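Worksheet for the structure shown next.
Read-outs: derived from the displayed coordinates by stated rules, not from any lab. Here the structure is a predicted model, which is why all the values come from computation and not from measurement. Here Cβ is always computed from backbone atoms with ideal geometry, including for glycine, and neighbour counts include all displayed protein chains.
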Amino acid sequence: MALTNAYIQEKLVEKFNDQVFQFSTDSGILSFESAAENNLKVLQFLYEESSLGFTFLTDLCGVNYPDNQGAELVVVYHLHNFIENIRIRFSIAVPVAKPDVFTATKLFESANWMERETYDFFGINFIGHPNLKRILNVDEMDYFPLRKEFPLEDQTRIDKDDEMFGRG
Amino acid sequence: MEQHSHITLPKGSIEKTTTTLNIGPTHPATHGVFQNIMEVDGERVVSTEQTVGYIHRAFEKLAERRPLYQITPITDRLNYCSSPINNMGWHITCERFLKIDLPKRVDYLRVIIMELSRISDHLICNSIVGVDTGAYTGFLYVMQYRELIYEIYEEVCGSRLTTNIGRIGGFERNFTNTAFTKLEKFLNEYPGVLREFEKLFTRNRIFMERTQGTGGISAARAMNYGFTGPNLRAAGVDYDVRVQQPYSSYQDFDFKVPVGTTGDNYDRFLVRNAEMWESISIIKQAYQKIQEFKGADAEIYHADVPEYYLPKKEDVYTKMEALIWHFKIIMGEIDLPKGQIYSAVEGGNGELGFYLISDGGRTPFRLHFRRPCFIYYQAFEELIKGGMLSDAVVTLSSLNLIAGELDA
């Protein structure tokens, strides 16, 4: 039987009831959310339930919505079932004041660096991660640059010596 | 001993039986900016820690303030051995997001360019594996034919390495006759070269002994590590984005997905070589399909999307409408629809994904690049553990790691 978005949704609701919510289909990919503390349960269910079989973590990344009070930081998982060739998107939101999320490294080795990257850029604290430290930025950095509060350089600034940047 | 008593050594450094070896960030044995802090016991690798990020340029942050068309040059600089695939991948993401349908001829032209860049990507990777095992000739030999590919890019878009090729909706100009002549020249000459390249390596005793059984990984572990592309296929999983989620009319082409069994350096080499043959066949099919277009159809090189595709320059000077669109596009004054999309293409070294979130503004709210080699480079320690140091070098190059993509 071909796996469909409707079936996945039905299975998830059957297992988690109202713990999974916000189902929607965006350009063919089923998206849904759950509470942050349930992320591992949902991922494990998707991985181990034989009729779902989402055993491939395609992508893991963070998003910052500064206007969503209490849910400023979001972690998005893209999962893929190779056999049925179907993708889903699963996301959880955490407050910026306490950005704690359980690590998925026990399920997916690939989550290791992707979580480090998400920590590096958004400051999301992955509980249980074996080596949670900065990966692309310098270790001494004391801010999380992909958060919206961190501004891009003002292109009209004049306090810089432009000669060094080939704009003199 | 007495006179050295003022020297304090790090704790445990005398008792230690292994040596710490620092390879990189720049080192002749690493093709790109890679640092590995290795713990070696004699010549055996005990453990390694990969350091990445030396050329991090904050692309994802930059993209948040650029209109779509200005993001294309950023994608050039991800996997710079096959820039056109990145460019097209980005255009395809935008087109899917904006629901733009492309004429078939544009799809086929894109397929030609993408497959050419797949060849140039694989050709570099495989010949570098040769260099690292001590065979320099193959590298110099195929390098001449990468030049032919770059000349075709040059003819189509004007640049060679960081191509910025195409636009949202198609190409910036039609392929010239010279471009097709160069393509024909390449198609005529390259198969012979590739055959000779294979002759130099595939059954070469030294090469086989250096690469077989080193850097191997099982299919299950490879999937768990997020491998994609030739590296995953070498481990025996026939996952190819071109087949699973066809884009740019790949469903119209007849090609095989080569797979390996052991996922070792030799299998990766064979899979890439086999893929080059498939790419040649795809290019031939696409070229034939293009020649079948007649009359006005044979001149189409872009879709009709005035909001995103720049009008002709002479129209900008003479027509009001074209002038308005030109201004709006250049100044980035077109609001995007709300929504999000994940779209992937089969890059040179794996699934290159773009995750775009738009809040209805003029620039992406968030853009994340799924960079294949960033994800599978994590497995490097597992691949080389217990092996010889010199095999680790070969493994590093056979993984087709590109520093630009790793660090984004």
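What the table below lists for this structure:
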| item | result |
| --- | --- |
| Trypsin sites (Lys or Arg not before Pro) within the stretch B:38-135: DSSP coil, no more than 11 neighbouring Cβ in 10 Å | B:K99 |
| Among beta bridges that DSSP assigns inside the protein assembly as shown, antiparallel share in %, nearest 5 | 85 percent |
| Part-to-part distance (alpha-carbon centres) for the stretch B:89-110 and the stretch B:111-134, which is given in Å | 25 Å |
| Student exercise, the protein assembly as shown dipole from Lys, Arg, Asp, Glu Cβ charges, in Debye to nearest 20 | 720 debye |
| Cα gyration tensor shape for the protein assembly as shown, rounded if a/c is under 1.5, else prolate or oblate | rounded |
| Per-pair calculated FRET efficiency, R0 = 45 Å: B:H27 and B:D101 via Cβ, rounded to 0.05 | 0.40 |
| Charge-dipole axis of the protein assembly as shown as Lys and Arg at +1 and Asp and Glu at -1 on Cβ define it, positive-most pick from B:H27, B:L389, B:I290 | B:I290 |
| FRET efficiency estimate (nearest 0.05) - Cβ-Cβ, B:M143 to B:T17, R0 35 angstrom | 0.20 |
| Size of electric dipole in the stretch B:74-114: Cβ of Lys, Arg +1 and of Asp, Glu -1, about Cα centre, debye, nearest 20 | 60 debye |
| Of B:K182/B:K319; A:K133/B:K385; A:K106/B:K11, pairs whose Cα-Cα distance is over 27 Å | B:K182/B:K319; A:K106/B:K11 |
| Span per principal axis, largest first, for the Cα atoms of chain B (Å) | 89, 50, 37 |
| Mean residue ellipticity (222 nm) of chain B, computed from DSSP H runs ≥ 4 via -39,500 (n - 2.57), nearest 500 | -15000 deg cm²/dmol |
| Label-to-label distance, nm, for residues given as B:K294 and A:N125 (7 Å Cα→Cβ offset) | 7.2 nm |
| For the stretch B:109-251, alpha-carbon Rg over 2.2 N^0.38 Å | 1.21 |
| Computed magnitude of the charge dipole of the stretch A:5-129 (debye, nearest 20; Cβ of K, R +1, Cβ of D, E -1) | 140 debye |
| Percent of alpha-carbon pairs separated by more than 19 Å within the stretch B:1-94 | 63 percent |
| For the stretch B:166-209, the fraction of alpha-carbon pairs in successive 5 Å shells from zero, as % | 5, 17, 12, 12, 12, 11, 10, 9, 7, 3 |
| Where only alpha carbons of the stretch A:5-129 are counted, the Rg and the Dmax (Å) | 13.8, 40 |
| Cα-based reach from B:K294 at 17 Å (exclusive), listing aspartates and glutamates while leaving out same-chain residues under 8 positions away | B:D107 |
| Cα-based helix-to-principal-axis angle, B:389-398 vs chain B, degrees rounded to 10 | 10 degrees |
| Residue order, fewest to most beta carbons within 10 Å, for A:R157, A:R87, A:R147 | A:R157, A:R147, A:R87 |
| Over the stretch B:16-138, relative contact order from alpha-carbon pairs under 8 Å, at least 6 apart, % | 14 percent |
| Rounded, prolate or oblate (a/c below 1.5 giving rounded, otherwise prolate when a/b exceeds b/c) for the stretch B:240-392 by Cα gyration tensor | oblate |
| Length-normalised contact order of chain A in % [C-alpha pairs under 8 Å, at least 6 apart] | 16 percent |
| Chymotrypsin sites (Phe, Trp or Tyr not before Pro) restricted to the stretch B:34-136 and DSSP loop, no more than 13 other C-beta within 10 Å | B:Y136 |
| Qualifying lysines (Cα of each under 17 Å from Cα of B:K289; at least 8 residues distant if same chain) | B:K104 |
| Formal net charge of residues neighbouring A:L46 (Cβ-Cβ distance under 15 Å; K, R +1; D, E -1) | -1 |
| Qualifying aspartates and glutamates (Cα of each under 13 Å from Cα of B:K313; at least 8 residues distant if same chain) | B:E172, B:E321 |
| Angle between chain B longest axis and helix B:177-201 axis [Cα atoms, degrees, rounded to 10] | 20 degrees |
| In the stretch B:305-367, the GluC sites (Glu not before Pro) that fall in loop regions by DSSP, at most 15 other Cβ within 10 Å | B:E307, B:E333 |
| Label-reachable residues, the stretch B:312-342, where backbone N falls under 14 Å from a point 7 Å from A:K148's Cα toward its Cβ | B:339 |
| Rounded tilt (10° steps) of B:83-98 against the dominant C-alpha axis of chain B | 50 degrees |
| Relative contact order of the stretch B:262-356, pairs being alpha-carbon contacts under 8 Å that are 6 or more residues apart, as % | 13 percent |
